[in-house]
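K.L.:
Dropping the structure in here first, questions after.
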Amino acid sequence: MSSHNSIQQLAELLQNHAKPVIRPQRLALSPIYDLDYRMAVIALAFAIHSTKTSEGEHRIDTSRLKLLQFVAQRPSLLPAMNQWASSKKTSPLLRGSSQRLRRGYMGDSTYDQVVEYMIACGILRPEGQYLALGRNGSYVDSIRLASEKESMFTQERFTLAELLRMRVTVAMLEGR
């Protein structure tokens with residue numbers, strides 16, 4: 001049966017007597033809006049990309065964390081991120097270019113709300129332009145260990161590992 005015949009049959013069914021039924025309770029929301037998912041990706045980005053201070057604390061620049069978790073949730077952006085990191089002359093007109101990528105992650109207000117929640121929970125704490133582990137910072141390590149042990153968030157962890165190979169500059173984070 002050709003696809004044209006299948007489409008024709010479906011059209012006839014819908015016009016004559018078939019009535020589609022949508023059950024909202026069965027629709028899956030995007031994980032990008034799921035609090036637990038967002039917290040896990042932020043925790044993994046922190047665990048993989050934070051640096052140790054001279055006092056032995058781990059911290060990460062807030063803008064860097066925002067960019068890293070944004071790309072980790074959207075692994076298809078990895079080539080555009082690689083191009084952006086390796087070239088200073090990308091055209092804003094190209095699909096996936098640096099300006100489009102920057103606009104995407106800068107406009108990610110859900111990230112800001114999730115980080116505020118993680119600060120309120122004591123998982124993270126603000127330190128100027130940085131985020132450091134808070135009194136409940138063990139959450140970050142528990143997410144990292146559980147994700148490795150149970151083979152969860154494999155694509156996100158792979159993407160974050162690939163991002164380690166790229167040089168994310170201050171100019172990239174500030175949009176210069």
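Derivation of every value follows stated rules applied to the coordinates shown; laboratory data play no part. Being a predicted model, the structure only gives us computed values, none of them experimental. Every residue, glycine among them, receives a Cβ derived from its backbone with ideal geometry; neighbour counts consider all protein chains shown.
K.L.:
Sorted by packing (mean other beta-carbon atoms within 10 Å per residue), highest first, where do 62-74, 143-155, 114-126 land?
P.N.:
Answer by packing, highest mean first, reads 62-74, 114-126, 143-155.
K.L.:
Right, next: As an exercise, use a Förster radius of 25 Å and the Cβ-Cβ distance of residue 149 and residue 109 to find the FRET efficiency, rounded to the nearest 0.05.
P.N.:
0.15
K.L.:
Kindly state, to the nearest 0.05, the FRET efficiency for residue 121 paired with residue 87, given R0 = 35 Å and r defined as their beta-carbon distance. Please report the intermediate quantities before stating the final value.
P.N.:
Numbers: r = 39 Å, r/R0 = 1.12.
After rounding to 0.05, the efficiency reads 0.35.
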